[in-house]
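The values are calculated or read from the model by the stated rules, or taken from the named source; none is laboratory data. For clarity, every value in this text was computed on a predicted model and none was experimentally measured. Cβ coordinates were reconstructed from backbone atoms using ideal geometry, including for glycine residues, and neighbour counts include every protein chain displayed. Protein only, heavy atoms only, side chains kept; ligands, DNA and RNA dropped before computing areas. Shrake-Rupley method; radii C 1.70, N 1.55, O 1.52, S 1.80 Å.
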Amino acid sequence: MDIYIKQWNDLILYCSFDNTYKMAWSKALVELTVNTNESIKDIVKLDFHDIARLCLKYYWNQTIFFDLIQSSNMKKPPEIISSTRSLITLYFNKKQSEQPIRFEKIDFYSIGLALEFELTVKNIVRTLKQDVCWRFKNLNRETYEIYDLDRNKGKVFLNKNDVITLKEHSDFLFTIINYRWTQMLEGFNHSPRISRKVRAIDDNNIKRTSLKKFHQHLDLIFEDGKRKCFYCGENIADSEISVDHVIPWSYMFSDDLWNLVYCHKGENSEKSNRLPSEEDITRLEVRNKLLLDRMQNNNKDYDQLQIAVEKDYVKKFWISFKG
Ligand SMILES: [Zn+2]
């Protein structure tokens, strides 16, 4: 292996951690160098603000879609994560909706959150300067001089040759960064399929399609045509209707009829990513049997529901996620 890449490799795979900052930092550096045109200068300068924006992108996407926990300390989340979460909350309030959206698709200026966005980036820059940029270079009391820093000006300097090497090995580096990031997340999170989530965010293939197509089936439960909320039992007005994953989507990572119910819009976001109670699980099992009785035996959704009922997916998934 190239000596320079070997240093990156070791820093990524053997670094100590109590949060995932070093992974966000190194991933942002590699991503920026990939997009650099190194033909101009001998020294390539990277700006902390650009690095911070990429860190925000990673954390935004991992948080808004999967609510991934980024540190071992639940009581005091890392500062970058807290400021990312605050920005997500502001975004939701602005949109009056909690529909997750990729960071890349948002123009914070046009939706009137320019100040808040810049403030978040500034906060991230501060943390990167204080804690991350120099720590990442240290391993076992040794410093790996893979880049130079000007912490006051907020710049990272790389030799032209090193940038070329980084570009050549970027796929490899992204893979081991994601591997190590996943490993850390698995220590902090109990939700399943972490590596798939980390990759899905990179591949830009997280699909959260409309659940409207399930209405035709879910409606079969209500003979009088009045849809009732799975959680509070009250009727739901059309404007208030929402389809909810009883076992949260962030656990299942898919839309399955056996896991979907109607509820009031507010109650949907209230429970967010918590696992349901045993009582809800039992009620869902009963609901699924009734729904299966009422469905026509001639479609894919029926077949899937039948398998789920026969194999008792509801309880099995719930127990396995509860750990
Ligand atoms: Zn309700």
_Within a Gaussian network of the chain (alpha carbon springs, distance under 10 Å), most fluctuating of Ile64, Ile43, Ile124_ = Ile43
*Sorted peptide list for 283-289, 135-141, 51-57, criterion being average Cβ within 10 angstrom, highest first*: 51-57, 283-289, 135-141
_Classify segment 57-117 from the C-alpha gyration tensor, please: rounded if a/c falls under 1.5, else prolate or oblate depending on whether a/b exceeds b/c._
prolate
*What is the Cα centroid distance between segment 66-81 and segment 280-301, reported in whole angstrom?*
38 Å
*Leaving out ligands and nucleic acids, note down the accessible area per residue over segment 1-138 with a 1.4 angstrom probe, in whole Å².*
48 Å²
*Picking from Cys133, Cys232, Cys15, which is most flexible by a Gaussian network model of the chain using Cα springs under 10 Å?*
Cys232
*Rounded, prolate or oblate: which fits segment 71-159, taking a ≥ b ≥ c as square roots of the Cα gyration tensor eigenvalues, rounded meaning a/c under 1.5, else prolate when a/b beats b/c?*
prolate
*Carbon and sulfur atoms: what percent of the 1.4 Å accessible area of segment 212-322 do they account for?*
47 percent
*Per residue, how much accessible area does segment 192-323 have with a 1.4 Å probe, in Å²?*
55 Å²
*asked:* Tell me the angle of helix 278-294 to the major Cα principal axis of the chain, expressed in degrees between 0 and 90 and rounded to the nearest ten.
replied: 60 degrees
*Apportionment of accessible area to carbon and sulfur, segment 3-203, percent (1.4 Å)*: 48 percent
*asked:* Could you sort Tyr302, Tyr147, Tyr109 by their accessible area in this structure, using a 1.4 Å probe and putting the largest first?
replied: Tyr109, Tyr302, Tyr147
*Top of Leu290, Leu185, Leu149 by mean-square fluctuation, Gaussian network on the chain, Cα under 10 Å*: Leu290
*Any idea how many Lys pairs in segment 234-323 come in under 17 angstrom at the alpha carbon, given 8 or more places apart or on separate chains?*
6
_Less than 15 Å Cβ to Cβ from Trp134, Lys/Arg counted +1 and Asp/Glu -1: what total charge do the surrounding residues give?_
+4
